[in-house]
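Trainee: What follows is a single structure, and I will ask about it in a moment.
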Amino acid sequence: MQEWYSGREEYLDQVKAAAQGLVQEGCLLAEALDDLINRAALKYDYYRLSHRGDFYWVVLRPSGLEFAEW
């Protein structure tokens, strides 16, 4: 992932642009846009943490994923 994007913001900007294109094409509901972007952010964060070589517990909370160092 880090080979393709300079950072989290660039990744999320590209996800947003692609998702907005899908909304305009009628392939994605506009109401699903925020959830899709939030999930992409969580997946980015998880990927970055899981590829650092450290070990983390991942806990799903109503507010989102929580990472705790092992």
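Trainee: Leaving ligands and nucleic acids out of the surface, order 34, 13 by accessible area at 1.4 Å, largest first.
Mentor: The ranking, largest first, comes out as 34, 13.
Trainee: Next question. Can you compute the modelled spin-label distance between residue 37 and residue 16, with each label point 7 Å from Cα toward Cβ, in nm?
Mentor: Result for the modelled spin labels: 0.5 nm.
Trainee: For residue 33, what accessible surface area do you get with a 1.4 Å probe? Give it in Å², rounded to 10.
Mentor: 30 Å²
Trainee: Turning to a different aspect of this structure: What does the net charge come to around residue 7 if you take all other residues with beta carbon closer than 13 Å to its beta carbon, with K and R at +1 and D and E at -1?
Mentor: Overall, the nearby charge balance is -3.
Trainee: A further question on this structure: Once the Cβ-Cβ distance between residue 8 and residue 28 is put in as r, and R0 is 22 Å, what FRET efficiency do you end up with, to the nearest 0.05?
Mentor: Between residue 8 and residue 28 the formula returns 0.50.
The values are calculated or read from the model by the stated rules, or taken from the named source; none is laboratory data. The structure displayed is predicted, hence computed values, not measured ones. FYI the Cβ positions are ideal-geometry reconstructions off the backbone, even for glycines, and counts take in every protein chain you see. Note: areas computed on protein heavy atoms with side chains; ligands, DNA, RNA excluded. Shrake-Rupley method; radii C 1.70, N 1.55, O 1.52, S 1.80 Å.
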